[in-house]
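Each remark here refers to the structure printed beneath this line.
The values are calculated or read from the model by the stated rules, or taken from the named source; none is laboratory data. If you're wondering where the values come from, they're calculated on a predicted model, not measured in any experiment. Please note: Cβ atoms are built from the backbone with ideal geometry, for glycine as well, and neighbour counts cover all protein chains shown. Surface areas here come from the heavy atoms of the whole protein model, side chains and all, with no ligands, DNA or RNA. Shrake-Rupley method; radii C 1.70, N 1.55, O 1.52, S 1.80 Å.
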Amino acid sequence: MTTNVEFGLDVGTGRAVLGCPPDCPSPERNRYLIYVARRHGVPVCTTLTDTVDAALALVAAAYTPAVG
């Protein structure tokens, strides 16, 4: 859980993943976060499993040395 301000500070870092289940109690509250995430190329996931997988993929990519 985060605020719009906190998410806004992290969205451009390349280290953010947004998890927004469509069946949450107030999905309309997530529309702006989803919009901002997509504008910045942040993965938007609808399940906890997909959110965790996307976060782990970001971590793995950060710690995988570039070849070439």
Given the conditions (1) touching a residue at least 40 places away in the same chain (Cβ under 8 Å); (2) touching a strand residue (DSSP E or B) at 6+ places or on another chain (Cβ under 8 Å), and given that residue 62 satisfies all but one, which numbered condition is not satisfied?
-> (2)
Residues being of a type outside the set (A, V, I, L, M), assigned to a loop (DSSP other than H, G, I, E, B) and closer than 21 Å to residue 5 by Cβ: count how many of those fall in the range 17-50.
-> 6
Pairs only if they're at least six apart or on different chains, beta carbon under 8 angstrom, first in the range 19-30 and closer than 23 Å to residue 41 by Cβ, second charged (D, E, K, R); list them, first residue then second.
-> 19/50
Only one of these conditions is not met by residue 54: (1) open to solvent by 50 Å² or more (accessible area, probe 1.4 Å); (2) in a helix (DSSP H, G or I). Which number is it?
-> (1)
Note on residue 43: of the conditions (1) within 23 Å of residue 63 (Cα to Cα); (2) surrounded by fewer than 17 Cβ atoms within 10 Å (Cβ to Cβ), unmet is (2)
